[in-house]
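The values are calculated or read from the model by the stated rules, or taken from the named source; none is laboratory data. Fair warning: this is a prediction, and the values are worked out from it, not measured in the lab. Don't worry about glycine lacking a Cβ; one is built from the backbone with ideal geometry, like all the others, and counts go over all protein chains shown. The area values use the complete protein model at the heavy-atom level, side chains included, leaving out ligands, DNA and RNA. Shrake-Rupley method; radii C 1.70, N 1.55, O 1.52, S 1.80 Å.
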Amino acid sequence: MKPRWTMLLRCLTLCLLVLGGWAAEEDVFEWTDDDFIHELDRHENTLVMFYAPWCGHCKRLKPEYAKAAELLRGNDPPITLAKVDCTEAGKSTCTKYSVSGYPTLKIFAKSDLVSDYNGPREAAGIAKYMRGQVGPASKELINEDCLKSFLESDDVAIVGFFEKANSKLAESFHAVAKKLREKVRFAHTSAASLLEKEGFKDNIVLYRPKILQNKFEPSKVVFEGGNTISDVHEFIVKNYFGIAGIRTRDNAAEFKNPLVVAYYNVDYVKNPKGTNYWRNRIIKIAKDFSQFNFAVASKDDFQHELNEFGITFTTGDKPIVLARDSKNQKFSLKEQFSVENFEAFLKDLVAGNLEPYVKSEPIPEDNSGNVKVAVAQNFDEIVTNNGKDTLIEFYAPWCGHCKKLAPVFDELGEKLADEDVEIVKYDSTANDVPQPYDVTGFPTLYWAPKDAKSSPIRYEGGRELDDFIKYIAKHSTDGLKNYDRKGKPIKAPTDEL
């Protein structure tokens, strides 16, 4: 009997797991060409994912999309999540809405297309973004139960208390709410009972969710500025994240340098207590260093940032602390994390006692070629202080356009070998890109005049040999020996008989 019961238990467990998966999927509707418009008209607000079954990005988004639908279940106003298979029964619909890549997400109000979806791709972010897209930017609270319900969330809440609904502050509040509705939760009230209970007649309050409350900062922050839109906006931006914000892939760009980040197993779903254990220790010290912005972040989500500091593998539960100053120089806490070590690190950072980390390949043993190889460690020698006009290519080894450019660059180096010009290449994937160069794609080329290396010029010209020669001939500081200013070869003088 024992083996039989074991088998039955396994079957039951499997069924529950499968049913659990179905339950999540049931919140997402699958529509076809035949019923798409009809179904849209039945739903007030809809987010539609246009996908292909073979698409890897679609497969990764699918469970987050289903979870977001579950989070939005019962939302007021209602928000529906649906999907359309562009390879089968939804081909005509995908063509109609100009779907050219997968997944493509679009927002509809009934059957009217509102906009493309440009928000986060994880469940909580999708739900939050969509809540910000529908209904009023600020929810009206009519009694104490409404306020209590609104504050029962894991997100920061901004609430306006206005005795006069048309006051200058109220108008500014609603203007900011419309501007930030995709990122911030807003509510307002003019209910006398709420104004009396909370003790406000014309003010704005930021409430921190219970899960983020700590003894080092107030759980609610009362607005004390003026009554303009910029005053209200500044109040929210300044206080929203608190002393140490929760940095995610979706909001990472909102945390500005100088920035100190503690990376560890940040997980407010599975382990909120453990997450706050370390966050509170960060906050305890960070509160005394207001010249920096602070954040905590999941080390798994930001492994690429750890890699930028030369950290490819981490063990243990303690935070890894990394920092960037206002010049984007990189610094790391080398000792194992402790409150004492963290405080000492910040004091040294303020005092300028730390050596910045620079990711660099080794300096080439032989750099005698016509195209010089620069790395982070020798950039000043090869580029900044070389005393020559310089054309620099920032490239990636895997980049197809870079590979195509390589023989042209080699030939250019050969043609200008005896000129007062340096031709340089720089692997931006293996070396930190120095200031003031801005590299966001490959290849990126810059022209750095010998007397103005602090103000390099992005090269936007053609990429054939003649294009480069004409550009360099025109822009070289002292002119070239073998080419005129138009890039035409200068004929060598001949002896007369």
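Is there a residue in segment 412-421 that is within 37 Å of the chain's Cα centre (by Cα) and of a type outside the set (Lys, Arg)? Scanning segment 412-421 turns up no residue that is within 37 Å of the chain's Cα centre (by Cα) and of a type outside the set (Lys, Arg).
Confirm whether ALA253 is assigned to a helix (DSSP H, G or I) and within 27 Å of VAL159 (Cβ to Cβ). Yes: the conditions hold for ALA253.
Looking only at residues in segment 426-446 that are crowded, with 18+ Cβ neighbours inside 10 Å and touching a helix residue (DSSP H, G or I) at 6+ places or on another chain (Cβ under 7 Å), which one is nearest to VAL373 (Cα to Cα)? Top of the filtered list is ASN431. Summed over segment 280-297, the residues that are touching a Phe, Trp or Tyr at 6+ places or on another chain (Cβ under 8 Å) and surrounded by fewer than 18 Cβ atoms within 10 Å (Cβ to Cβ) give a count of 3. Cβ-Cβ contacts under 9 Å between residues 6 or more apart (or on different chains), taken from a first residue in segment 389-403 that is within 16 Å of GLY462 (Cβ to Cβ) to a second residue that is of a type in the set (Val, Ile, Thr), are listed as LEU391/VAL421; LEU391/ILE423; LEU391/VAL424; LEU391/ILE472; GLU393/VAL371; GLU393/ILE423; GLU393/VAL424; GLU393/THR444.
For segment 356-376, the candidate set comprises residues that are open to solvent by 60 Å² or more (accessible area, probe 1.4 Å) and touching a residue at least 24 places away in the same chain (Cβ under 8 Å); within that set, the residue that is farthest from GLY413 (Cα to Cα) is TYR357. Restricting attention to segment 456-472, the residues that are part of a helix (DSSP H, G or I) and open to solvent by 80 Å² or more (accessible area, probe 1.4 Å) add up to 2. Summed over segment 440-453, the residues that are at pLDDT below 95 and either part of a strand (DSSP E or B) or under 26 Å from the mean Cα position of the chain (by Cα) (or both) give a count of 2.
Just one residue in the set TYR277, TYR264 is open to solvent by less than 20 Å² (accessible area, probe 1.4 Å), of a type in the set (Ser, Thr, Tyr) and either over 22 Å from GLU182 (Cα atoms) or free of Cβ contacts under 8 Å to residues at least 12 places away in the same chain (or both); that residue is TYR264.
Can we say LYS403 is more than 36 Å from the chain's Cα centre (by Cα) and assigned to a helix (DSSP H, G or I)? If you could, list the steps in order and put the result at the bottom.
Working: more than 36 Å from the chain's Cα centre (by Cα): no; assigned to a helix (DSSP H, G or I): yes.
Against the criterion (more than 36 Å from the chain's Cα centre (by Cα) and assigned to a helix (DSSP H, G or I)), LYS403 does not qualify.
GLU414 passes every criterion in (1) surrounded by 15 or more Cβ atoms within 10 Å (Cβ to Cβ); (2) assigned to a helix (DSSP H, G or I) apart from (1).
Can you find a residue in segment 234-250 that is free of Cβ contacts under 8 Å to residues at least 12 places away in the same chain, of a type outside the set (Phe, Trp, Tyr) and over 19 Å from ALA157 (Cα atoms)?
no
Of all positions in segment 213-229, none carries a residue that is touching a residue at least 40 places away in the same chain (Cβ under 8 Å) and either touching a strand residue (DSSP E or B) at 6+ places or on another chain (Cβ under 8 Å) or of a type in the set (Gly, Ala, Ser) (or both). Applying the condition of being charged (D, E, K, R) and either modelled with pLDDT under 95 or within 27 Å of the chain's Cα centre (by Cα) (or both) to segment 203-219 and asking which residue is nearest to PHE186 (Cα to Cα) yields ARG208.
Condition check ((1) surrounded by 14 or more Cβ atoms within 10 Å (Cβ to Cβ); (2) touching a residue at least 12 places away in the same chain (Cβ under 8 Å); (3) closer than 24 Å to CYS55 by Cα) across all residues:
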position: TYR102; (1), (2), (3): yes, yes, yes
position: ILE107; (1), (2), (3): yes, yes, yes
position: VAL114; (1), (2), (3): yes, yes, no
position: ALA123; (1), (2), (3): yes, yes, yes
position: TYR129; (1), (2), (3): yes, yes, yes
position: GLU140; (1), (2), (3): no, yes, no
position: ASP145; (1), (2), (3): no, no, no
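Restricting attention to segment 71-81, the residues that are within 16 Å of GLU30 (Cα to Cα) and surrounded by fewer than 20 Cβ atoms within 10 Å (Cβ to Cβ) add up to 0.
I'd like the full set of residues that are among the hydrophobic types (A, V, I, L, M, F, W, C) and surrounded by fewer than 17 Cβ atoms within 10 Å (Cβ to Cβ), limited to segment 54-70.
Residues of segment 54-70 that are among the hydrophobic types (A, V, I, L, M, F, W, C), as a first pass: 54-55, 58, 61, 66, 68-69.
Result: TRP54, CYS55.
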